[in-house]
Amino acid sequence: MDVNTKVLKKNAFRVTKQRGITASRIRVPGGHLEAKYLSMIQKIADTYGNGTVHITSRQGFEIPGIKYEDMPKVNELLQPIIEGLDINQEVPGQGYSAAGTRNVVACIGNKVCPYACYDTTKFAKRIEKAIFPNDLHFKIALTGCPNDCAKVRMHDFGIMGMTEPRYDRDRCVSCGACVKKCKKKSVAALKAVNYRVQRNEEKCIGCGECVLACPTAAWTRKQEKLYRLTIFGRTGKKNPRMGEDFIKWVDEDSIIKIILNTYDYVKKYIDPEAPGGKEHIGYIVDRTGFEEFKKWALKDVNLPSTAEICTPIYWKGIKY
Amino acid sequence: MGFSFSKEGINNVFKEWSKDYIIYAPKRIIGGGAFSDTDSIRYEKIDTVDEIEFNVKSTFSFKEILLPISQTLFFFTEDEVKEADGPKKGAIIFLRSCDLHAVKRLDEIYLRNGFEDYYYKRIREKGKFILIGCKSAFENCFCVDMNTNKIDAYDASLEPTENGYVMDNKCQDWEELLLNNSLSQDEVNPSYVTETKIHVNIPEGLSIDIAKSKMWDEYDSRCINCGRCNFVCPTCTCFTMQDIFYTDNGKVGERRRVHASCMVDGYTDVAGGSSYRKNNGQRMRFKVLHKIYDYKKRFGYHMCVGCGRCDDICPEYISFSNCINKLEDAIKEVNGNE
Ligand code: SF4
Ligand code: SF4
C-alpha cells in the first residue's frame, strides 16, 4: 500500500495504530450543528467506518475504522456537511483543506445558558471563516462568561464573554442582592454607599451576576459586546500552562485581527525543525520575547477605548 | 366619540399632547433583559406610536410612573427643608384593563386610606389613562376571574388595526384635536378578553387560620426572597424611607422613598434587630392573603388584578395563581385539624 501520510493528515484523516485503517475528523465550529447532520455522519460510519463515532475533545466527530482506499468516497459524503457548516474549502468534493488549525471550540453560550454574555457559536463561526484552512497549529476556544466552562485558558487564544454592567440609580431599591451575589459568586466588586451601589471598575470581571440578581432591572447590560482575551495556554508534554490575560474589554474585530496577525508572526518565527511543522505558539513567544509578539499581534489593530492591555505577561505552568 | 387614525394622524395627536403631557407607554428595550440579547418591556417616555409595544405584556408595570421606584421627597440642611419639585407636565399613561383596575387600588391606598399622599396626588391629579385593548389573554393572565378584564373608566383607548389605529375618546378637551387628525369617526369599542387559560378559585370561608396550613412550607425552600413578584406587581404599594446625608457635608441631604418588598429581607425588621417573618413561606402567605383576602375585608374587593406578572417574572417558577388554587384544600386541612 502506498499512501502519502502528509497529504492525508492535511485532509483531516489520521494515521492510526491499525495498519491500513484511518479515521475521518469532522469539524463543528462552535460545537453546535443542525441535527440533520448527525444522520449523515451516521451514514459514513455505517458505510465506511466500523459503525461507531467518537465525540472529540474539540467538539468534532471522529469516524474510526475507515479503509485508506475509501477516503475519496468518504470525502464525497462529507461534502454536504462541509458545505452545510459553511467550512471554507479549496477544492469542492475533496474533503477538508487543512487540519493544522483545530476546530474552534465553544460552550453553549447564550443560545441556552443564562450566564453567557453572547452567542458563542456565532462568534466561533466568524473566527473559523477568518482563519480556516490553515496548517499552523492554532487552538482557539470561546466561552460565554468568566465561569469558563469551555476551559479557554488551556488554549492559544481564549475568549471569554464580558458584560459591562450599567447602573440606573433611579431603579435601585437598595435590596443588596447584587452586592451579595457579586461577593459570594464573583469578585466582590460592588459595595453599597448611601443606599446606592458602587462598582469598582478595576475589579469587575464583567460576569453579569449583578444584572442577573437585580429584581428591578437597575443593572442592565451595555449593548456593545466585549471580551477578555487570554493567550497561550496549552496542554502537552513539555510545559502545560494556563493562558494569561492579554486584553480585557476588547471587541470582536480586534480579536480576529490579533489572531490573523499571530499567524504572520508564527510563519516568521516558527522553528523550521519543529516536528510535523507543529509548535505551540507559547514556545515561540518564549524564544522571541513577549514584546516582539505584542508588536506583531497589535499591528493595525484599532482597540476600542475600553480595552486594557496586560503587559508584560509571564506564564507559569508545570515543568516536568 | 370613536375615531380612526392613520399613523401620521395619531402621531400628530401625540405631538400636540406632548406640549402638556409626558406620554408613557410600554416600550421594548432591546437588550434590556437580564439575559444577554434578550429584551424587556418597560414603561418609558415615548414620542411616537411606533414605540408602543402593543403585542406583549410589559415586564414591569405602569405603577413606576405614579409611584417612582425611587423618589426624592425633599432636601434638608441643618434648619431648612426644600420640597423636591414635582413633574411640570402631566402624564398620559397607556395601559391595559387590568392595570387601569390597579390604578383604583393605588388610589385606595394613597388617596382614600385615611389621608391623601401629597406626592402621589400631585402626579395622579395630572394623569390621563389610555386603555390598550386586549384581543387575547397572555400566558398567566387571569383577569376574567378577578373581574378586571373590562373597564369603562378610561380617558381614551387605543388599538392598532390592520391599517391604522382606532380610539374611543371620553375626554371632552381632546375631541377637537382628535377630530382634526382622524380619518373618520365611527363607534369604537375597546377589545377585551372573555377567556383566560389560567383560572383561580378563591374559596369562600377563608380565615386567618389558613396561616396554620402546611401549604406554605414548600415555599420556604422554593422561594429565594428576591422580591421580583412585588416589584412587577401593579398593586404592590409598599415603600421604605431613606435619609441620605451627602458625603462631603454630613449635615445636608435628602429624603427619598423607595419601593419595598414584603418578600425581601429587611421588610419586617424592627428596632432591636429582630424580624417578624423570617421564613419565605410565611412571607408568601402574607403576600398572597393580602392580595386576595385581607385587602378585600377592608375595601370590599380584591387587591390582585390578575395580570399574572408575578408568575411571568418568578425565576423559581412559583405561580401565584397556582398558590391561590391550593387554598381550598388548605382550608379543609386546617379545619380538619381542629
Ligand atoms: S440588586 Fe438592583 S435593586 Fe438591589 S441593590 Fe442591586 S442594583 Fe439596587
Ligand atoms: S415568589 Fe419568586 S419572584 Fe417572588 S420572591 Fe419568591 S422567588 Fe422571587
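Things worth noting here:
- Looking only at segment B:128-166, and only at residues there that are open to solvent by 20 Å² or more (accessible area, probe 1.4 Å) and polar (S, T, N, Q), the one that is modelled with the lowest pLDDT: B:Asn163
- Where strands (runs of 3 or more DSSP E) fall entirely within segment A:168-279, those with at least 2 residues that are over 23 Å from A:Thr121 (Cβ atoms), away from chain B (no Cβ under 14 Å) and at pLDDT 95 or above are at A:244-250.
Residues are listed down the side, and each one gets a yes or a no for (1) over 23 Å from the mean Cα position of the chain (by Cα); (2) at pLDDT 95 or above; (3) hydrophobic (A, V, I, L, M, F, W, C):
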| position | (1), (2), (3) |
| --- | --- |
| A:Met1 | yes, no, yes |
| A:Ile26 | no, yes, yes |
| A:Glu34 | no, yes, no |
| A:Tyr37 | no, yes, no |
| A:Ile41 | yes, yes, yes |
| A:Leu85 | no, yes, yes |
| A:Asn103 | no, yes, no |
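- Every residue from segment A:179-213 that is open to solvent by 20 Å² or more (accessible area, probe 1.4 Å), of a type outside the set (Lys, Arg) and within 16 Å of ligand 2 (Cβ to nearest atom): A:Leu212
- Considering only residues in segment B:222-262 that are away from ligand 2 (no atom under 11 Å from the Cβ) and hydroxyl-bearing (Ser, Thr, Tyr), the one that is modelled with the lowest pLDDT turns out to be B:Thr247.
Residue-by-condition table, conditions (1) open to solvent by 50 Å² or more (accessible area, probe 1.4 Å); (2) more than 12 Å from ligand 2 (Cβ to nearest atom); (3) in a helix (DSSP H, G or I); (4) touching a residue at least 60 places away in the same chain (Cβ under 8 Å):
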| residue | (1), (2), (3), (4) |
| --- | --- |
| B:Gly281 | no, no, yes, yes |
| B:Val288 | no, no, yes, no |
| B:Arg298 | yes, yes, yes, no |
| B:Met303 | no, yes, no, yes |
| B:Cys307 | no, yes, no, yes |
| B:Asp311 | no, no, yes, yes |
| B:Glu316 | yes, no, no, yes |
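- B:Ile210 being of a type in the set (A, V, I, L, M) and buried (at least 16 other Cβ atoms within 10 Å of the Cβ): yes
- Taking the conditions (1) open to solvent by 10 Å² or more (accessible area, probe 1.4 Å); (2) in a loop (DSSP other than H, G, I, E, B); (3) over 16 Å from A:Met40 (Cβ atoms) in turn, A:Ala98 satisfies each one other than (1).
- Of the residues making up segment A:94-115, those that are touching a Ser or Thr at 6+ places or on another chain (Cβ under 6 Å) and within 14 Å of chain B (Cβ to nearest Cβ) are A:Cys107, A:Gly109, A:Asn110.
- Scanning segment B:207-238 for residues that are within 16 Å of ligand 1 (Cβ to nearest atom), within 24 Å of A:Val211 (Cβ to Cβ) and hydrophobic (A, V, I, L, M, F, W, C) yields B:Ile224, B:Cys226, B:Cys229, B:Phe231, B:Val232, B:Cys233, B:Cys236.
- Failed condition for A:Arg241, given (1) in contact (Cβ under 8 Å) with a residue 24 or more places away in the chain; (2) within 16 Å of ligand 2 (Cβ to nearest atom): (2)
The values are calculated or read from the model by the stated rules, or taken from the named source; none is laboratory data. Computed from a prediction, not measured in an experiment: that's the story for all the values here. Counting neighbours? That spans all protein chains shown, and the Cβs are built from the backbone with ideal geometry, glycine included. Each accessible area value is taken on the protein alone, full model and side chains, heavy atoms only, with ligands, DNA and RNA left out. Shrake-Rupley method; radii C 1.70, N 1.55, O 1.52, S 1.80 Å.
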